[in-house]
Amino acid sequence: MTQAPVAAELWADRRLRTVELRARQPFAREVLDFYGALLGVQEQAYEEARSARPRSGELVAYVAEMVVPAVVNVSIAAGPQQLRAAMAGQIETMDARDLVDAWVKSEEQPAVDRYLARASAGPVLEALGPEAAASCVGPRDQRHCESCGGSPQLSYFALAGEDLAAGGRFLLCGRCHASWGYARMTCPGCGEDSSSRLPIFSEEGTASGERGSVVRGLLGKLGDDRIPEHMPLFGHIRIEACDTCHQYLLNVDLAADPAAVPIVDELAALPLDLYARERGYSKITPNLMGF
Ligand SMILES: [Zn+2]
Ligand SMILES: [Zn+2]
C-alpha cells in the first residue's frame, strides 16, 4: 500500500487541485464546484473522526449521526438540480443508519442513498484506517480493496520512487480510498490479461505493445470554445477498457502530470467517461458524482 500523505496535505491537495481544474476545464465547473463544497464537509468529518476514534462496532451509527446530516445539507445547498430533486423526495423518510449500513455491507441501494452513504463514510474510513475498514463487507482479493473489500473507482500510475512492486500501477478504492498495487495490462474488473482484449483510448497515443486508439474530437463534443483546440485536455488520463467484461476505468498517470490528484482529476474527466460509454463500456465503480 502506498504511504498516505499526512492529513493536512491530503485535504489541501484535493482543494487546490479542484480549484486548478475548475479554471482549466470549464465544462467540469458544476461538478467541481459541488465537489469543492463537499470537500469542506468531508475534511471536517475526517478531523472529527480522528479525534473521536469511534470503535468499529460504532462506525455505522457514528457516520449516520455525525456526518450524514452535514452531507445532506451541503448537497441541498450546492448539489446539481437532479440530486437535490431526488433528495427532496425522500428526506423525510430517510433512515441514515440504514443507508450507511447497506453501503458498508456492499448491498444494493438506490443511487441517492449510495451517494449519501459513500460521501459520508469515505472520510471517516480514511481517518480511522484499516481497522475500521476491516468491518466492511466485500471480497478480499486482487480486484478488491485489501482493506475494506470495495471495488476500484480509478487506476493510476505512481511517480517513480513510490512502491513499484506492481510496476507502479495502483487501484484506488471507491469506498475507503486505500490503494493497492495491480498488474498493468490486466483488467481490474475481470482479470483479463490478453492485451488484444484490452483497448486503451487516450488523446496522446499509447506505448508500444498496448492496443491503443487515439481519442479525437473531445472538444467538439463539449461545444466549448474557451479551450484551444490543439491542446490535449487529458494528456495524463486514459480510458483502460476491457472487451471481455465490457467495463473500464480511467487511469491517471502521475508521471505525465505530477500535480495531478487522481481522485480529483478523475472526477473532472467527464468527456472521457462519455466517450467510453458511447462505446458500450460501463465503469467498474462510478465516481462519487455518479460518472
Ligand atoms: Zn477500501
Ligand atoms: Zn474485464
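None of the figures in this text is laboratory data; all of them are computed from the coordinates on show. Note that the structure is predicted; figures quoted are calculated from it, not measured. Every residue, glycine as well, gets a Cβ built from its backbone with ideal geometry; the counts of neighbours run over all protein chains shown.
Values for this structure:
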{"item": "Rounded to the nearest 20 debye, dipole of region 41-112 from Cβ charges on Lys, Arg, Asp, Glu", "result": "160"}
{"item": "Residues whose placed amide H lies under 5 Å from that of LEU154, excluding near-sequence neighbours", "result": "LEU172"}
{"item": "Other-chain or far-sequence residues with amide H under 5 Å of GLN247's (modelled H)", "result": "CYS242, SER282"}
{"item": "Relative contact order [Cα under 8 Å, 6+ residues apart], the chain, whole percent", "result": "17"}
{"item": "Backbone HN-Hα couplings from phi across region 13-24 [Karplus 6.51/-1.76/1.60, Hz, Gly and Pro as x]", "result": "4, 5, 4, 4, 5, 4, 5, 4, 5, 4, 6, 7"}
{"item": "Relative contact order computed over region 90-200 (Cα-Cα under 8 Å; 6+ residues apart), in percent", "result": "17"}
{"item": "Charge-dipole axis of the chain as Lys and Arg at +1 and Asp and Glu at -1 on Cβ define it, positive-most pick from VAL252, GLY129, SER202", "result": "SER202"}
{"item": "Hz values of 3J(HN,Hα) by residue in region 74-86 - Karplus curve (6.51, -1.76, 1.60), Gly and Pro given as x", "result": "5, 6, 6, 6, 10, x, x, 3, 4, 5, 4, 5, 5"}
{"item": "Electrostatic dipole magnitude of the chain [Cβ: Lys, Arg +1; Asp, Glu -1; Cα centre; debye, to 20]", "result": "260"}
{"item": "Listed peptides 8-21, 123-136 by packing density, highest first (mean Cβ within 10 Å)", "result": "123-136, 8-21"}
{"item": "Long-range HN-HN contacts of GLY212 with modeled amide H, under 5 Å", "result": "ILE200"}
{"item": "Table column - 3J(HN,Hα) (Hz), region 40-54, Karplus curve with 6.51, -1.76, 1.60, x for Gly and Pro", "result": "x, 5, 5, 5, 5, 4, 5, 5, 5, 5, 5, 8, 6, 6, x"}
{"item": "Protection proxy ranking of 243-252, 42-51 - average other beta-carbon atoms within 10 Å, highest first", "result": "243-252, 42-51"}
{"item": "Label-point gap, in nm, between ALA256 and LEU16 - each point 7 angstrom along Cα→Cβ", "result": "2.3"}
{"item": "Residue order, fewest to most surrounding Cβ atoms within 10 angstrom, among ARG184, ARG53", "result": "ARG53, ARG184"}
{"item": "Cα-based radius of gyration of the chain once divided by 2.2 N^0.38 Å, which approximates compact folds", "result": "0.98"}
{"item": "Relative packing of 150-159, 189-198, 108-117, 257-266, which averages over residues the other C-beta atoms within 10 Å, highest first", "result": "150-159, 257-266, 108-117, 189-198"}
{"item": "Options LEU116, PHE34, ALA276, ranked by Cα towards positive dipole end of the chain, top entry (Cβ charges)", "result": "ALA276"}
